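S.K.: Pasting a structure below so you can have a look.
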Amino acid sequence: MTTSATLESGRVSTRPFPTLAKSFLEVSHTVRGEGLLARTPWFYSFVATGLILGFIACGVGFALLRDSWFQLLIAAALGVLFTQVAFLAHESAHRTILSTGPANDRLSQVLGGVVGMSYSWWDSKHSRHHANPNKVEKDPDIAPGVLSFVADDAAKTTGFLRRFQSYQGWLFFPLLTLEGLNLHIQGFVHLFSRRKVRGRWLELAMLCTRFPVYLFVLFYFLPAGLAFAFLGVQLAVFGVYMGASFAPNHKGMPLIDRSTRMDFFSKQVRTSRNIRGGWWATWLMGGLNYQIEHHLFPSMPRPHLARARQIVLEKCRELDVPYTETSLLQSYAIVIGYLNRVGLAARDPFDCPIVAELRRG
(Lines give C-alpha, C1' and ligand atoms only; values in the text may rest on other atoms or scores of the structure.)
Protein backbone atom coordinates (compact mmCIF):
# COMPACT_ATOMS: atom_id res chain seq x y z
CA MET A 1 0.00 0.00 0.00
CA THR A 2 1.04 3.56 -0.67
CA THR A 3 -0.65 6.81 0.23
CA SER A 4 -2.14 9.71 -1.64
CA ALA A 5 -2.18 13.31 -0.49
CA THR A 6 -5.22 15.55 -0.56
CA LEU A 7 -5.67 19.18 0.37
CA GLU A 8 -8.55 19.83 2.72
CA SER A 9 -8.86 23.45 3.90
CA GLY A 10 -5.14 23.82 3.40
CA ARG A 11 -4.33 20.69 5.40
CA VAL A 12 -2.31 17.84 3.96
CA SER A 13 -3.81 14.50 4.88
CA THR A 14 -3.21 10.98 3.66
CA ARG A 15 -5.40 8.00 2.94
CA PRO A 16 -4.57 4.52 1.62
CA PHE A 17 -5.15 3.49 -1.98
CA PRO A 18 -4.16 0.40 -4.04
CA THR A 19 -0.65 0.32 -5.42
CA LEU A 20 -0.58 1.94 -8.85
CA ALA A 21 3.04 1.32 -9.76
CA LYS A 22 2.10 -0.84 -12.75
CA SER A 23 -0.31 1.74 -14.13
CA PHE A 24 2.44 3.98 -15.46
CA LEU A 25 4.15 1.04 -17.16
CA GLU A 26 0.90 0.19 -18.92
CA VAL A 27 0.32 3.78 -20.04
CA SER A 28 3.94 4.12 -21.09
CA HIS A 29 3.69 0.94 -23.18
CA THR A 30 0.65 2.33 -25.01
CA VAL A 31 2.29 5.71 -25.54
CA ARG A 32 5.44 4.18 -26.96
CA GLY A 33 3.44 1.80 -29.10
CA GLU A 34 1.68 4.73 -30.76
CA GLY A 35 4.95 6.55 -31.36
CA LEU A 36 4.06 9.52 -29.18
CA LEU A 37 7.63 9.94 -27.93
CA ALA A 38 9.01 10.24 -31.46
CA ARG A 39 10.58 13.59 -32.37
CA THR A 40 8.61 16.05 -34.52
CA PRO A 41 11.24 18.17 -36.31
CA TRP A 42 8.64 19.47 -38.77
CA PHE A 43 6.63 21.05 -35.96
CA TYR A 44 9.53 22.74 -34.20
CA SER A 45 10.95 23.96 -37.52
CA PHE A 46 7.59 25.59 -38.20
CA VAL A 47 7.51 27.21 -34.74
CA ALA A 48 11.10 28.43 -35.07
CA THR A 49 10.38 29.92 -38.50
CA GLY A 50 7.34 31.73 -37.11
CA LEU A 51 9.36 33.17 -34.22
CA ILE A 52 12.17 34.34 -36.49
CA LEU A 53 9.66 36.08 -38.74
CA GLY A 54 8.06 37.62 -35.66
CA PHE A 55 11.38 39.07 -34.47
CA ILE A 56 12.10 40.39 -37.98
CA ALA A 57 8.67 42.06 -38.05
CA CYS A 58 9.36 43.66 -34.66
CA GLY A 59 12.71 44.93 -35.94
CA VAL A 60 11.12 46.46 -39.02
CA GLY A 61 8.34 48.00 -36.93
CA PHE A 62 10.88 49.40 -34.48
CA ALA A 63 12.83 51.03 -37.31
CA LEU A 64 9.74 52.50 -38.99
CA LEU A 65 8.01 53.85 -35.87
CA ARG A 66 11.12 55.65 -34.56
CA ASP A 67 10.21 58.21 -31.87
CA SER A 68 6.60 57.12 -31.38
CA TRP A 69 4.71 55.81 -28.39
CA PHE A 70 3.36 53.13 -30.69
CA GLN A 71 6.73 51.53 -30.01
CA LEU A 72 5.13 50.13 -26.87
CA LEU A 73 3.15 47.78 -29.12
CA ILE A 74 6.47 46.47 -30.40
CA ALA A 75 7.61 46.09 -26.78
CA ALA A 76 4.52 44.03 -25.93
CA ALA A 77 5.04 41.87 -29.03
CA LEU A 78 8.64 41.23 -27.96
CA GLY A 79 7.40 40.17 -24.52
CA VAL A 80 5.19 37.58 -26.20
CA LEU A 81 7.96 36.40 -28.54
CA PHE A 82 10.50 36.03 -25.73
CA THR A 83 7.99 33.92 -23.80
CA GLN A 84 7.43 31.68 -26.81
CA VAL A 85 11.20 31.24 -27.10
CA ALA A 86 11.26 30.35 -23.39
CA PHE A 87 8.66 27.65 -24.11
CA LEU A 88 11.01 26.17 -26.70
CA ALA A 89 13.92 26.36 -24.26
CA HIS A 90 11.78 24.50 -21.72
CA GLU A 91 10.95 21.77 -24.22
CA SER A 92 14.53 21.47 -25.37
CA ALA A 93 15.66 21.14 -21.75
CA HIS A 94 13.37 18.10 -21.56
CA ARG A 95 15.10 16.53 -24.60
CA THR A 96 12.00 17.12 -26.72
CA ILE A 97 13.24 18.91 -29.84
CA LEU A 98 16.53 17.38 -31.02
CA SER A 99 17.64 13.75 -31.10
CA THR A 100 20.44 13.78 -28.49
CA GLY A 101 20.80 15.10 -24.96
CA PRO A 102 23.92 17.23 -25.60
CA ALA A 103 22.33 18.82 -28.68
CA ASN A 104 19.22 19.72 -26.69
CA ASP A 105 21.37 21.16 -23.90
CA ARG A 106 23.22 23.40 -26.32
CA LEU A 107 19.96 24.52 -27.92
CA SER A 108 18.51 25.32 -24.49
CA GLN A 109 21.58 27.39 -23.64
CA VAL A 110 21.26 29.38 -26.86
CA LEU A 111 17.52 29.91 -26.46
CA GLY A 112 18.05 30.89 -22.83
CA GLY A 113 20.59 33.44 -24.00
CA VAL A 114 18.05 34.90 -26.43
CA VAL A 115 15.49 35.24 -23.63
CA GLY A 116 18.05 36.49 -21.10
CA MET A 117 17.80 33.55 -18.71
CA SER A 118 20.31 31.06 -17.37
CA TYR A 119 19.56 27.59 -18.68
CA SER A 120 21.64 25.92 -15.94
CA TRP A 121 19.67 27.74 -13.22
CA TRP A 122 16.35 26.85 -14.79
CA ASP A 123 17.32 23.24 -15.41
CA SER A 124 18.44 22.65 -11.81
CA LYS A 125 15.31 24.21 -10.35
CA HIS A 126 12.90 22.64 -12.81
CA SER A 127 14.37 19.15 -12.50
CA ARG A 128 13.80 19.21 -8.74
CA HIS A 129 10.24 20.34 -9.35
CA HIS A 130 9.52 17.47 -11.75
CA ALA A 131 10.92 14.94 -9.29
CA ASN A 132 8.75 16.15 -6.41
CA PRO A 133 5.83 18.30 -7.63
CA ASN A 134 4.04 20.04 -4.75
CA LYS A 135 6.03 18.09 -2.15
CA VAL A 136 6.69 20.22 0.91
CA GLU A 137 10.40 21.06 1.36
CA LYS A 138 11.25 19.25 -1.88
CA ASP A 139 9.61 21.24 -4.67
CA PRO A 140 11.42 24.58 -5.15
CA ASP A 141 8.32 26.02 -6.81
CA ILE A 142 6.48 26.05 -3.47
CA ALA A 143 9.47 27.12 -1.37
CA PRO A 144 8.77 30.18 0.82
CA GLY A 145 9.70 33.56 -0.60
CA VAL A 146 7.79 36.69 -1.48
CA LEU A 147 4.76 34.41 -1.68
CA SER A 148 3.90 31.49 0.59
CA PHE A 149 2.29 28.38 -0.84
CA VAL A 150 2.13 26.47 2.45
CA ALA A 151 0.20 27.80 5.45
CA ASP A 152 2.99 26.99 7.91
CA ASP A 153 5.37 29.14 5.87
CA ALA A 154 2.92 32.04 5.82
CA ALA A 155 2.47 31.77 9.60
CA LYS A 156 6.21 32.31 10.10
CA THR A 157 6.40 35.59 8.20
CA THR A 158 6.85 38.91 10.00
CA GLY A 159 6.64 42.63 9.33
CA PHE A 160 5.81 43.89 5.85
CA LEU A 161 6.00 40.39 4.33
CA ARG A 162 3.26 39.15 6.68
CA ARG A 163 1.01 42.02 5.68
CA PHE A 164 1.77 41.47 2.01
CA GLN A 165 1.09 37.74 2.11
CA SER A 166 -2.20 38.22 3.92
CA TYR A 167 -3.52 39.52 0.58
CA GLN A 168 -1.12 37.63 -1.69
CA GLY A 169 -3.81 36.11 -3.88
CA TRP A 170 -5.05 39.50 -5.06
CA LEU A 171 -1.48 40.73 -5.46
CA PHE A 172 -0.29 37.69 -7.42
CA PHE A 173 -0.92 38.92 -10.96
CA PRO A 174 0.29 42.50 -10.33
CA LEU A 175 3.45 40.94 -8.87
CA LEU A 176 4.00 39.00 -12.09
CA THR A 177 4.82 42.27 -13.86
CA LEU A 178 8.16 42.03 -12.02
CA GLU A 179 8.70 38.34 -12.72
CA GLY A 180 10.55 38.98 -15.99
CA LEU A 181 13.10 41.11 -14.17
CA ASN A 182 13.33 38.50 -11.42
CA LEU A 183 14.07 35.71 -13.92
CA HIS A 184 16.94 37.76 -15.38
CA ILE A 185 18.36 38.52 -11.95
CA GLN A 186 18.11 34.93 -10.72
CA GLY A 187 20.13 33.79 -13.72
CA PHE A 188 23.00 36.15 -12.93
CA VAL A 189 22.89 35.29 -9.22
CA HIS A 190 23.19 31.62 -10.14
CA LEU A 191 26.03 32.14 -12.61
CA PHE A 192 28.04 34.31 -10.21
CA SER A 193 27.56 31.92 -7.28
CA ARG A 194 30.35 29.70 -5.97
CA ARG A 195 28.49 26.49 -6.73
CA LYS A 196 29.51 24.29 -9.61
CA VAL A 197 27.71 25.48 -12.75
CA ARG A 198 27.94 23.60 -16.01
CA GLY A 199 28.43 25.95 -18.96
CA ARG A 200 28.93 28.94 -16.69
CA TRP A 201 31.22 30.93 -18.98
CA LEU A 202 29.22 30.27 -22.14
CA GLU A 203 26.02 31.45 -20.48
CA LEU A 204 27.73 34.50 -18.97
CA ALA A 205 29.16 35.38 -22.38
CA MET A 206 25.73 35.17 -24.01
CA LEU A 207 23.94 37.12 -21.29
CA CYS A 208 26.67 39.76 -21.05
CA THR A 209 26.33 40.25 -24.80
CA ARG A 210 22.55 40.11 -24.99
CA PHE A 211 21.71 42.77 -22.40
CA PRO A 212 24.22 45.48 -23.44
CA VAL A 213 23.28 45.11 -27.12
CA TYR A 214 19.55 45.19 -26.34
CA LEU A 215 19.85 48.22 -24.06
CA PHE A 216 22.15 50.04 -26.48
CA VAL A 217 19.62 49.71 -29.30
CA LEU A 218 16.80 51.00 -27.10
CA PHE A 219 18.60 54.00 -25.66
CA TYR A 220 20.47 54.94 -28.84
CA PHE A 221 17.43 55.03 -31.12
CA LEU A 222 14.75 56.13 -28.63
CA PRO A 223 14.48 59.06 -26.21
CA ALA A 224 15.34 58.02 -22.66
CA GLY A 225 11.74 58.20 -21.40
CA LEU A 226 10.41 56.13 -24.27
CA ALA A 227 13.29 53.66 -23.95
CA PHE A 228 12.52 53.08 -20.27
CA ALA A 229 8.82 52.69 -21.06
CA PHE A 230 9.63 50.22 -23.85
CA LEU A 231 11.80 48.17 -21.51
CA GLY A 232 9.17 48.25 -18.76
CA VAL A 233 6.36 47.09 -21.05
CA GLN A 234 8.47 44.32 -22.56
CA LEU A 235 9.53 43.01 -19.14
CA ALA A 236 6.00 43.28 -17.73
CA VAL A 237 4.42 41.38 -20.64
CA PHE A 238 7.15 38.75 -20.50
CA GLY A 239 6.73 38.29 -16.72
CA VAL A 240 2.94 38.14 -16.76
CA TYR A 241 2.87 35.79 -19.75
CA MET A 242 5.44 33.45 -18.18
CA GLY A 243 3.79 33.45 -14.78
CA ALA A 244 0.27 33.12 -16.16
CA SER A 245 1.40 30.09 -18.19
CA PHE A 246 3.17 28.21 -15.39
CA ALA A 247 1.02 29.16 -12.36
CA PRO A 248 -2.16 27.23 -13.34
CA ASN A 249 -0.27 23.94 -13.52
CA HIS A 250 0.13 23.09 -9.82
CA LYS A 251 -0.89 26.00 -7.58
CA GLY A 252 -3.94 25.03 -5.56
CA MET A 253 -3.48 21.31 -6.30
CA PRO A 254 -2.87 18.79 -3.48
CA LEU A 255 0.30 19.24 -1.47
CA ILE A 256 2.31 16.16 -0.51
CA ASP A 257 3.65 15.98 3.02
CA ARG A 258 7.42 15.69 3.29
CA SER A 259 7.14 12.15 4.75
CA THR A 260 4.56 10.81 2.29
CA ARG A 261 5.59 8.28 -0.33
CA MET A 262 3.60 7.90 -3.54
CA ASP A 263 3.92 5.94 -6.75
CA PHE A 264 5.05 7.94 -9.78
CA PHE A 265 1.75 7.86 -11.66
CA SER A 266 -0.39 9.05 -8.75
CA LYS A 267 2.10 11.70 -7.68
CA GLN A 268 2.28 13.33 -11.09
CA VAL A 269 -1.44 13.11 -11.92
CA ARG A 270 -2.83 14.21 -8.56
CA THR A 271 -0.60 17.27 -8.24
CA SER A 272 -1.06 18.58 -11.79
CA ARG A 273 -3.86 20.46 -13.52
CA ASN A 274 -4.66 20.55 -17.23
CA ILE A 275 -6.19 23.52 -19.02
CA ARG A 276 -9.01 22.97 -21.48
CA GLY A 277 -8.95 24.69 -24.84
CA GLY A 278 -7.39 22.32 -27.34
CA TRP A 279 -5.09 23.69 -30.00
CA TRP A 280 -5.39 27.37 -29.06
CA ALA A 281 -4.43 26.64 -25.43
CA THR A 282 -1.51 24.55 -26.67
CA TRP A 283 -0.19 27.43 -28.74
CA LEU A 284 -0.88 29.99 -26.04
CA MET A 285 0.84 28.00 -23.27
CA GLY A 286 3.51 26.16 -25.21
CA GLY A 287 2.01 22.76 -24.38
CA LEU A 288 1.86 23.48 -20.65
CA ASN A 289 -1.93 23.14 -20.84
CA TYR A 290 -1.29 19.37 -20.89
CA GLN A 291 0.59 19.51 -17.60
CA ILE A 292 -0.41 16.02 -16.46
CA GLU A 293 0.90 14.39 -19.62
CA HIS A 294 3.98 16.61 -19.59
CA HIS A 295 4.85 15.45 -16.07
CA LEU A 296 4.31 11.80 -16.95
CA PHE A 297 6.28 12.07 -20.20
CA PRO A 298 8.53 15.17 -20.02
CA SER A 299 10.28 14.37 -23.31
CA MET A 300 7.05 14.07 -25.31
CA PRO A 301 6.84 16.60 -28.18
CA ARG A 302 4.08 19.17 -27.98
CA PRO A 303 1.99 17.86 -30.95
CA HIS A 304 1.56 14.45 -29.27
CA LEU A 305 0.30 15.65 -25.89
CA ALA A 306 -3.36 15.79 -26.94
CA ARG A 307 -3.40 12.11 -27.90
CA ALA A 308 -1.52 11.19 -24.72
CA ARG A 309 -4.24 12.98 -22.74
CA GLN A 310 -6.85 10.56 -24.06
CA ILE A 311 -4.73 7.57 -23.02
CA VAL A 312 -3.97 8.92 -19.54
CA LEU A 313 -7.57 10.02 -18.96
CA GLU A 314 -8.87 6.54 -19.79
CA LYS A 315 -6.41 4.98 -17.34
CA CYS A 316 -7.37 7.46 -14.62
CA ARG A 317 -11.07 6.64 -15.09
CA GLU A 318 -10.26 2.95 -14.93
CA LEU A 319 -8.28 3.34 -11.68
CA ASP A 320 -10.48 6.09 -10.18
CA VAL A 321 -7.52 8.47 -9.97
CA PRO A 322 -8.58 12.15 -9.91
CA TYR A 323 -7.77 13.86 -13.23
CA THR A 324 -8.09 17.65 -12.93
CA GLU A 325 -8.90 19.80 -15.96
CA THR A 326 -10.32 23.32 -15.90
CA SER A 327 -10.66 26.38 -18.10
CA LEU A 328 -7.84 28.93 -18.05
CA LEU A 329 -9.90 31.57 -16.25
CA GLN A 330 -11.15 29.05 -13.71
CA SER A 331 -7.57 27.99 -13.00
CA TYR A 332 -6.63 31.61 -12.25
CA ALA A 333 -9.57 31.92 -9.86
CA ILE A 334 -8.40 28.73 -8.11
CA VAL A 335 -4.84 30.05 -7.81
CA ILE A 336 -5.98 33.39 -6.39
CA GLY A 337 -8.37 31.73 -3.95
CA TYR A 338 -5.74 29.23 -2.81
CA LEU A 339 -3.10 31.91 -2.22
CA ASN A 340 -5.59 33.97 -0.24
CA ARG A 341 -6.50 30.98 1.93
CA VAL A 342 -2.83 30.28 2.64
CA GLY A 343 -2.38 34.00 3.33
CA LEU A 344 -4.90 33.78 6.17
CA ALA A 345 -2.09 32.26 8.23
CA ALA A 346 -0.10 35.47 7.80
CA ARG A 347 -3.00 37.58 9.07
CA ASP A 348 -3.45 35.73 12.36
CA PRO A 349 -1.48 32.48 12.59
CA PHE A 350 -2.89 31.63 16.04
CA ASP A 351 -6.52 31.79 14.92
CA CYS A 352 -6.03 30.55 11.36
CA PRO A 353 -8.06 27.36 10.77
CA ILE A 354 -5.55 26.13 8.20
CA VAL A 355 -2.66 26.25 10.66
CA ALA A 356 -4.83 24.74 13.37
CA GLU A 357 -5.61 21.79 11.11
CA LEU A 358 -1.93 21.36 10.28
CA ARG A 359 -0.99 21.31 13.95
CA ARG A 360 -3.66 18.78 14.85
CA GLY A 361 -2.50 16.63 11.92
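The values are calculated or read from the model by the stated rules, or taken from the named source; none is laboratory data. Because the structure is a prediction, the values reported are computed rather than measured. With ideal geometry, Cβ positions are generated from the backbone for all residues, glycine too; neighbour counts draw on all protein chains shown. Remember, those area values only see protein heavy atoms, side chains included, never the ligands or the DNA or RNA. Shrake-Rupley method; radii C 1.70, N 1.55, O 1.52, S 1.80 Å.
S.K.: What 222 nm value per residue comes from the helices of the chain, counting each DSSP H run with n ≥ 4 as -39,500 (n - 2.57) and dividing by all residues, nearest 500 deg cm²/dmol?
M.R.: After summing the helix terms and dividing by residue count, I get -20500 deg cm²/dmol.
S.K.: How high is the relative contact order of segment 261-353, in percent, with contacts defined as C-alpha pairs under 8 Å that are six or more residues apart?
M.R.: Result for segment 261-353 is 30 percent.
S.K.: Next up: Step through the residues of segment 305-317 one at a time and calculate ³J(HN,Hα) from phi using the Karplus curve (6.51 cos²θ - 1.76 cosθ + 1.60, θ = phi - 60°), rounding each to whole Hz and writing x for Gly and Pro.
M.R.: 5, 4, 5, 4, 4, 4, 5, 5, 4, 4, 5, 5, 5
S.K.: Another question, if that's okay. Amide H neighbours of I256 under 5 Å, at least 5 residues apart or on other chains, H built in the peptide plane: list them.
M.R.: Counting only residues 5 or more places away or on other chains, the set is K135, V136.
S.K.: Run through every distinct alpha carbon pair of segment 75-174 and return the Kirkwood hydrodynamic radius in angstroms, one decimal place.
M.R.: Evaluated over segment 75-174, this radius sits at 15.6 Å.
S.K.: Additional query: Going by accessible area, probe 1.4 Å, with all protein chains left in place, what is the ranking of L288, L81, largest first?
M.R.: Accessible-area ranking of L288, L81, largest first: L81, L288.
S.K.: Something else now. For the chain, with all protein chains present and a 1.4 Å probe, just round the carbon and sulfur fraction of the accessible area to a whole percent.
M.R.: 65
S.K.: Taking only C-alpha pairs under 8 Å that are 6+ residues apart, what is the relative contact order of the chain in percent?
M.R.: Worked out over the chain, it gives 29 percent.
S.K.: Among E91, E26, what's the order by accessible area (1.4 angstrom probe), most exposed first?
M.R.: Most to least solvent-accessible, the answer reads E26, E91.
S.K.: Can you pull out the chymotrypsin sites (Phe, Trp or Tyr not before Pro) in segment 19-92 that DSSP calls coil and that have at most 16 other Cβ atoms within 10 Å?
M.R.: W69, F70
S.K.: When a/c is below 1.5 the answer is rounded, else prolate if a/b is larger than b/c, else oblate, so apply that to segment 254-340 with a ≥ b ≥ c taken from the square roots of the Cα gyration tensor eigenvalues.
M.R.: Here segment 254-340 falls in the oblate category.
S.K.: Still on this structure: With every protein chain kept in place and ligands, DNA and RNA left out, what is the accessible area per residue of the chain? Probe 1.4 Å, answer in Å².
M.R.: In whole numbers, the chain has 48 Å² accessible per residue.
S.K.: For an R0 of 41 angstrom, estimate the FRET efficiency from the Cβ-Cβ distance between A103 and T158 and round to the nearest 0.05.
M.R.: The pair A103/T158 has a calculated efficiency of 0.30.
S.K.: Sticking with this structure for a sec: For R347 and I56, FRET efficiency with R0 = 51 Å and r from the beta-carbon atoms, rounded to 0.05?
M.R.: 0.50
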